[in-house]
1. Could you tell me how many of the residues in segment 241-262 are among the aliphatic types (A, V, I, L, M) and either within 16 Å of ligand 1 (Cβ to nearest atom) or farther than 24 Å from A133 by Cβ (or both)?
2. For the subset of segment 126-144 comprising residues that are touching a Ser or Thr at 6+ places or on another chain (Cβ under 7 Å) and away from ligand 2 (no atom under 16 Å from the Cβ), which member is nearest to R103 (Cα to Cα)?
3. When the residues of segment 263-280 are narrowed to those that are within 12 Å of ligand 1 (Cβ to nearest atom) and of a type outside the set (A, V, I, L, M, F, W, C), which ends up surrounded by the fewest Cβ atoms within 10 Å (Cβ to Cβ)?
4. Restricting the search to segment 31-57, which residues are among the charged types (D, E, K, R) and either at positive phi or assigned to a strand (DSSP E or B) (or both)?
5. Pick out the one residue from V244, V260, V234, V289 that is β-branched (V, I, T), crowded, with 19+ Cβ neighbours inside 10 Å and more than 16 Å from the chain's Cα centre (by Cα).
6. How about segment 140-246: which helices (runs of 4 or more DSSP H) wholly inside it have at least 1 residues that are of a type in the set (D, E)?
7. Considering only residues that are in contact (Cβ under 8 Å) with a residue 60 or more places away in the chain and within 18 Å of I302 (Cα to Cα), which ones fall in segment 264-282?
Amino acid sequence: MKNLLLPYEVTKEAEMAEPLDFNRRSRLMNTHRVFKAEISSITQLTEKEKLFHIRILDPAERQRFTFLPGQFVMVEVPGYGEVPISIAGSASNRGFIELCIRRAGMVTSVLHRAKAGARVGLRGPFGTSFPVAMMKDHHVLLIAGGLGLAPLRSAILHVTENRSDFRNVHILYGTKSPDQLLFDYQYEQWRRVDGVNLSIIVEEGGDGWTGEVGLVTRLLDRIPIEPDRTYAIVCGPPVMFKFVCNKLGELGIPMRRMFVSLERRMHCGMGKCCRCNIGSTFTCKDGPVFDYWTAINLKEAI
Ligand SMILES: Cc1cc2nc3c(=O)[nH]c(=O)nc-3n(C[C@H](O)[C@H](O)[C@H](O)COP(=O)(O)OP(=O)(O)OC[C@H]3O[C@@H](n4cnc5c(N)ncnc54)[C@H](O)[C@@H]3O)c2cc1C
Ligand code: FES
């Protein structure tokens, strides 16, 4: 096994120098090339999740790299493989890209063993985004379960940084236990933003937990909702989508104004390899963000 303690170069760069003739959209989005990047810092968030700050090495490319909340990048660990990871940071931050990564299998375990200074490759950004433009002048419900806070955080940061664009903002977050809560050091900061409400709930509180206990759907019971003026984004395990979106439906929010982010195994990230299809829909290109009506009409998507 290679040791990521020492930085080393992205090995596939030569192969990527002459990109295949991908479609025009991918050329416009500059998605055919690998950005050489380095891990500039790593923060342990929970036992299984770490926050990585990734810096594109070339200053001009770093400045040019933009994304929309909800999009993802393919992170290449040279010699090991590539994984799709949602961008968890703010789109206004041009210095580094924030990725919250759970240790799941081979590639993510190598990343968890890496130290600051290790080199990685980045492709993207890919995929559809949360409808932040459409959400303007509406109430916003941002709902996450577990690791779902990683993609949702980019939307939370967008909404808090552009506070005057939105009406009331409610962030609802649930995990199994208190030690699994991600980004807990930021909660007070979010709560301090005028008109932003954050509610946290865990399934099993245990000793020392004085907060709410139960499922995230419970938090919806006490939020005043104007269904005609509300958008909802729901991120988390697929099992959560049905419960949360059904509840949102009962509260009168149309399915077309609920958005979910779907995860499938991905390889190219850009509609070329057919690894992520659900029928004729590419999760990487037509998604990962879908409105709930579209998502439940994709066979076996949820
Ligand atoms: C659009 C998108 C955004 C993602 N964003 C994040 C993120 O922000 N943070 C994060 O930690 N993870 C995210 N993931 C999941 C992440 O890509 C997988 O955990 C990773 O690919 C696993 O790779 P591995 O080599 O470490 O594990 P592997 O050895 O490939 O697999 C380990 C285990 O994880 C499961 N798995 C692998 N890939 C996926 C997948 N795509 N979806 C569900 N289960 C999978 C496998 O079935 C296996 O049980 C995202 C996935 C997608 C498709
Ligand atoms: S990941 Fe290759 S087509 Fe979607």
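The values are calculated or read from the model by the stated rules, or taken from the named source; none is laboratory data. Predicted model, so just to flag it, every value in this text is computed and none were measured. In this analysis, Cβ positions are derived from the backbone assuming ideal geometry, glycine residues included, and neighbour counts consider all displayed protein chains.
1. 2
2. Checked segment 126-144; the qualifying residue nearest to R103 (Cα to Cα) is L141.
3. R265
4. Scanning segment 31-57 gives K36, E38, E49, K50, R55.
5. V244
6. 149-161, 187-191
7. If the condition is that a residue be in contact (Cβ under 8 Å) with a residue 60 or more places away in the chain and within 18 Å of I302 (Cα to Cα), then M266 is the only one that fits.
Residue-wise test of (1) under 20 Å from V140 (Cα atoms); (2) within 13 Å of ligand 2 (Cβ to nearest atom).
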{"residue": "I253", "(1), (2)": "yes, no"}
{"residue": "R275", "(1), (2)": "no, yes"}
{"residue": "S280", "(1), (2)": "no, yes"}
{"residue": "E300", "(1), (2)": "no, no"}
